[in-house]
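One structure is given here, and the rest of the page talks about it.
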Amino acid sequence: MLDERGRRKPNFREEDSVGVVFGDGQTWHVPKPWLEVRPILRENRVMDNLKLLTYGKDLDSIIDSLASARTFGDQIYLSAFLATHLLQWQYDLSVEEISELFKWRVGEPASFAWAQAVVAVATGQSGPKLWRDTGD
């Protein structure tokens, strides 16, 4: 069995993550998206702002695809793809090791609760939001 604590990268921040129980029965921490605020300008004045959660363009497109997934297989595939990237931000894990975390059993909905939990984190339905100070 993989050692979750031993695989944490130096940039790991538990307070900026949500614990998710994966197929190995352990809790691994999925990073929360950042809250990004974009001003809406009209006639050179800020009239309003747009608030959105983001991981960046590449991962945001996966999340958008999840919203339109038509089959259960597509949902699991996209959830695993997203979870792979999010876990690799936090942990030193190979793709082969991560695939062990995605075990699920047909006919046992609880065995793929990890997929639902990852999507809940990614869409801001789990835990407080983060403000990311990029120094810009």
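Rounded to the nearest 500, what is the 222 nm mean residue ellipticity of the chain from helices alone, with -39500 (n - 2.57) per DSSP H run of 4+ residues and division by all residues?
That calculation yields -10500 deg cm²/dmol at 222 nm.
Please report, in debye to the nearest 20, how large the charge dipole of the chain is about its Cα centre when each Lys and Arg carries +1 at its beta carbon and each Asp and Glu carries -1 there.
In debye, rounded to 20, the chain gives about 340.
So which trypsin sites (Lys or Arg not before Pro) in the stretch 1-75 pass both tests, a DSSP loop state and at most 11 other Cβ atoms within 10 Å of the Cβ?
Arg70
Just the number, please: Stokes-Einstein D of the stretch 5-127 in µm²/s, Kirkwood Rh from C-alpha pairs, 37 °C, 0.692 mPa s.
210 µm²/s
Only the coordinates and a few stated rules stand behind these numbers; no lab work does. Worth saying up front: this structure is predicted, and the values here are computed from it rather than measured. A quick note on method: Cβ atoms are made from the backbone with ideal geometry, for glycine too, and the neighbour counts reach across all protein chains shown.
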